[in-house]
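The values are calculated or read from the model by the stated rules, or taken from the named source; none is laboratory data. Note that the structure is predicted; figures quoted are calculated from it, not measured. A quick note on method: Cβ atoms are made from the backbone with ideal geometry, for glycine too, and the neighbour counts reach across all protein chains shown. Surface accessibility is based on the protein's heavy atoms, side chains included, excluding ligands, DNA and RNA. Shrake-Rupley method; radii C 1.70, N 1.55, O 1.52, S 1.80 Å.
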Amino acid sequence: MKRMIKRIGALVLGAVILGTSSMAVCAADRNYTYNYDWWGDVQGSPDFYTVSSVYTSTDLGLDVNLSAPQGLFVSGSLMYLCDTGNNRIIELEKVSRNEIEVRRIIEEFKGDVEITTFSSPTDVAISEEGDFYIADKGNSRILKLDKDLNYLMQFDKPIDSTLDPEAGFQPSKIAIDTAGRVYCVAIGINKGLIKYENNGEFSGFVGATKVRFDWTDYIWKKLATQEQRDRMESFVPTEYDNLYMDYEGFIFVVEGDQQEDQLKENTDSAVRRLNLLGNDILVRNGEWYTYGDLYMGSGGGYEGPSSFKDVTAFDNDVYICMDEKRGRLFGYDQQGRMLFACGGNGNMDGYFKKPAALDHMGHDLIVVDSLDCSLTLFTPTEFGSLVYQAMEQFDVGEYDASEVSWRQAMELNGNYDLAYIGIGRALLSQERYEEAMDYFVLKYDADNYSKAYRQYRKEWVEDHIGIIIAVILALFLIPMSIGKVKAIKHEIDIADIFRR
């Protein structure tokens, strides 16, 4: 409740300072990279990422131009791009920092099946053994091919009594785990992720979204007749838009098509991290919720909340969400604190017309624009590299080095809240509790301040235990001594009276 009150108060204060939410959107537009401070105000920032290269069909030397590319998968130095409109998959290789080359174009495969070509492939994944898993949407199947493009098996529409037998099967996004199990997002199926075992057997649905409904509609349904209820819209879960399997085997999922009121009521719905049971285990300890832009007004040519259409996660537990509506990238750390927001809609490098897919290579980001038919390669700037370096140093226990890196990042951006918190956490881990408290209090980090204060209090007590004991003894002994003296004096006075 305290956190909710603080968030509401901060939003109100931010609205007063900025005037309206549309002004906040415009403020974000003036900065390519920005963040939100503790109060929810937009703070311009040094760029976290810079555009390294933009590749179009001409840059890649393709005879047939890209057409509505939809999917992207990175494996080592290789990238696999689903050229959906041309019914093919393009294998690319990053041969240097700013150079990508086409290795091969995959338009068909070998095998004893009727159709050996693709139809509107929308996603691809590569296993550790080099096997291909392809969401062949137009052919209503998920293909498994070996590294030499020989047909191995396919995953068809799930056989489930709750699914409409007349409806088609349109797999749009897929992910695979180390055991060869396939997780799929399919158009028109809102029961969560479709899960297949490695033998192709459908084994159920995972992580269905929460059902959303309006209480007035719910009450009306209870009072309405059966005929009226039949004509009403049903309360059903919504579909996921994309998924990503992280290095620990957990699945990030995003849900983009949401209204502002729905998103604020279900603040965990924009991005989730699912375990094997389908439970959301994403940590949300940041000052603000992980649903992109805080301000959802119609200013700046936008209307409504951010619409996450893809997500990718690094090995340092940072995850990046891609906003299709505003053409932006939002980075969050493992605690759910926003690291950066950047991008926008437009024709310049680093801006997008319709971003469709996102993946990473190391700390580099690759974004596919389906309307512009291009790939944009982002590399971290000095500021971004310092932030990543500080986080990774802290994670491996190099607290002194992490403090140095955070201080260097703070020199580049004195308004960066996470730099202060990062320094404080590094000092806390070095047992420099009083110094850590100073940094936490600057950025209103009550949780970490409490941790530092408890340790500082404990340390102070241990250092002054002798004085504390002496004071306690004095508080007891001095009154006792005074009382004893007074009692003796009283007895003496009484004895003198009797002697007289």
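Values as computed for the structure displayed
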| read-out | value |
| --- | --- |
| Global geometry of the stretch 254-316, whether rounded, prolate or oblate, following the gyration tensor of its Cα atoms and the 1.5 cut on a/c | prolate |
| Whole-percent carbon and sulfur share, accessible surface of the chain, 1.4 Å | 51 percent |
| 3J(HN,Hα) from dihedral phi, the stretch 407-423, Karplus parametrisation 6.51/-1.76/1.60, rounded to Hz, x for glycine, proline | 5, 5, 5, 5, 5, 7, 8, x, 9, 7, 4, 5, 5, 5, 5, x, 5 |
| Accessible area of the chain divided out per residue, in Å², using a probe of 1.4 angstrom | 49 Å² |
| Dipole magnitude of the stretch 349-393, debye to nearest 20 (Cβ charges: Lys/Arg +1, Asp/Glu -1, about Cα centre) | 160 debye |
| Amide H contacts under 5 Å for Met153, placed H, 5+ residues apart | Lys144 |
| Cα centre as origin, Lys/Arg/Asp/Glu Cβ charges: the chain dipole, Debye | 2340 debye |
| Computed accessible area, Tyr151, all protein chains, 1.4 angstrom probe, square angstrom | 60 Å² |
| 5 angstrom amide H check on Phe352, placed H, neighbours 5+ away | Gly344, Asn345, Gly346 |
| Net charge over other residues, Cβ less than 15 angstrom from the Cβ of Pro158 (K, R count +1; D, E count -1) | -2 |
| Accessible-area ranking of Thr312, Thr381, largest first, probe 1.4 Å | Thr381, Thr312 |
| Top positive-direction residue, dipole computed over the stretch 329-402 with Cβ charges, set Pro380, Ala341, Gly362 | Ala341 |
| Out-of-range pairs (alpha-carbon distance over 29 Å; input Lys110/Lys137; Lys173/Lys264; Lys94/Lys354; Lys144/Lys264; Lys94/Lys147) | Lys144/Lys264 |
| Amide H contacts under 5 Å for Thr122, placed H, 5+ residues apart | Ala135, Lys137 |
| Rounded, prolate or oblate (a/c below 1.5 giving rounded, otherwise prolate when a/b exceeds b/c) for the stretch 52-96 by Cα gyration tensor | oblate |
| Which of Asp47, Asp359 is most accessible, then next, and so on - probe 1.4 Å | Asp47, Asp359 |
| For Lys354, solvent-accessible area (1.4 Å; no DNA, RNA or ligand), Å² | 100 Å² |
| Area accessible to solvent at Cys321, 1.4 Å probe radius, in Å² | 0 Å² |
| Three-way shape call for the chain based on the alpha-carbon gyration tensor, with the a/c threshold at 1.5 | prolate |
| FRET E, pair Asn279, Asp164, Förster distance 22 Å, beta-carbon r, rounded to 0.05 | 0.20 |
| Ranking by accessible area, most exposed first, for Leu475, Leu339 with a 1.4 Å probe | Leu475, Leu339 |
| Listed residues Gly249, Asn65, Ile482: farthest to the positive end of the dipole of the chain (Cβ charges) | Ile482 |
| Simple label model, 7 Å out from Cα along Cβ direction - Glu114 to Thr58, nm | 4.3 nm |
| Charge dipole of the chain about the Cα centre (unit charges at C-beta), most positive-ward option of Gly168, Ile134, Val311 | Val311 |
| The chain: calculated mean residue ellipticity at 222 nm from DSSP helix runs of at least 4, using -39500 (n - 2.57) | -10000 deg cm²/dmol |
